[in-house]
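The values are calculated or read from the model by the stated rules, or taken from the named source; none is laboratory data. What you see is a predicted model; the values in this text were computed from it and never measured. Glycine gets a Cβ as well: all are built from the backbone with ideal geometry, and neighbour counts include every protein chain shown. Heavy atoms of the whole protein, side chains included, go into the accessibility calculation; ligands, DNA and RNA do not. Shrake-Rupley method; radii C 1.70, N 1.55, O 1.52, S 1.80 Å.
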Amino acid sequence: MTAGIQRQKTALTTKQYYRVGELAVRFDISPQTVYRMIDLGELKAVHLRGCLRVSTEELRRYEKRRQAEG
């Protein structure tokens, strides 16, 4: 497999958006708490195919903010 094909394969398998349930598991909180965080503006979400999703970029920004707050 060439390097170009390998890069494409890796890029296609990288997760770009997370579902509410996945974030609940990641942070060990309830899905309702994730919805509340979205409603309060702590996390920005988008609707994709009728479901709320949080982008990987937004997740990184949120984690950085939380670390800065200490």
If the Cβ limit is 8 Å and pairs must be 6+ apart or interchain, which residue in the stretch 38-50 that is within 12 Å of TYR18 (Cα to Cα) pairs with which residue that is in a strand (DSSP E or B) and open to solvent by 50 Å² or more (accessible area, probe 1.4 Å)?
ALA45/ARG53; VAL46/TYR17; VAL46/ARG53; HIS47/ARG53; LEU48/TYR17
If you check LYS64 against the conditions, is it in contact with a helix residue (DSSP H, G or I) (Cβ under 6 Å, 6 or more places away or on another chain) and open to solvent by 60 Å² or more (accessible area, probe 1.4 Å)?
no
